[in-house]
Amino acid sequence: MNYETLLIAAHANSIDVYEVDLKGRIKGLYKDGIVWISKGMSTNEKHCVLAEEIGHHETSVGEILDQSDLRNRKQELQAKQWAYFSVIPLSVIVQAYQLHIKGRHDIADYLNVTEAFLQAAIDRYKEKYGLLAVYDDRYIVCFDPLGVIEIFE
């Protein structure tokens with residue numbers, strides 16, 4: 001999946017996406033079926049930000065800009081988790097392994113995401129599964145260090 005594919009998916013889910021100049025450190029915003037993305041970013045950065053903003057569409061309720069409120073921080077985490085698991089499911093980590101793509105930089109490039117987004121996704125997977133997760137009863141995905149072990153019978 002890449003930014004353009006995600007734009008098409010957003011449109012199919014009745015989400016309008018606009019690239020605009022956003023002020024400060026804000027990279028993206030979501031409200032009522034509209035996503036605003038900072039147009040000064042790389043395509044991979046836009047991909048990551050759009051995924052998170054779609055995550056807000058899928059998981060968040062109300063305005064959650066005040067991150068001092070624990071409920072808002074939880075909704076922010078849910079949106080990020082939605083983005084991580086949607087853009088970087090275990091299946092694509094295994095697919096990268098099958099294509100002999102190694103190293104975080106090359107994996108992030110293959111997935112059309114930033115290395116920071118990839119690392120955040122790996123960290124979230126570790127929180128959810130621990131150091132390992134079994135995929136399709138044929139692979140063990142290791143999160144630290146990142147790698148895949150194929151199970152042969």
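A few notes on this one:
- Qualifying residue in segment 106-120 (condition: of a type in the set (D, E, K, R) and over 19 Å from Glu52 (Cβ atoms)): yes
- Note on segment 87-108: among residues that are part of a helix (DSSP H, G or I) and among the small types (Gly, Ala, Ser), the one that is farthest from the chain's Cα centre (by Cα) is Ala96.
- Filter result for Tyr84 (open to solvent by 70 Å² or more (accessible area, probe 1.4 Å), assigned to a helix (DSSP H, G or I), hydroxyl-bearing (Ser, Thr, Tyr) and under 30 Å from Tyr139 (Cα atoms)): no
- Scope segment 20-40; condition farther than 20 Å from Glu58 by Cβ, open to solvent by less than 80 Å² (accessible area, probe 1.4 Å) and of a type outside the set (A, V, I, L, M, F, W, C); matching residues: Gly24, Ser38, Gly40
- Qualifying residue in segment 133-143 (condition: of a type in the set (A, V, I, L, M) and under 21 Å from Glu45 (Cβ atoms)): no
- Number of residues in segment 106-142 that are under 22 Å from Glu4 (Cβ atoms), out of contact with any Cys (no Cβ under 7 Å at 6 or more places or on another chain) and not aliphatic (A, V, I, L, M): the value is 5.
The values are calculated or read from the model by the stated rules, or taken from the named source; none is laboratory data. As the structure is a prediction and not an experimental result, all values here were calculated from the model. Don't worry about glycine lacking a Cβ; one is built from the backbone with ideal geometry, like all the others, and counts go over all protein chains shown. The protein model used for the area step is the full one, side chains on, heavy atoms only, and it has no ligands, DNA or RNA in it. Shrake-Rupley method; radii C 1.70, N 1.55, O 1.52, S 1.80 Å.
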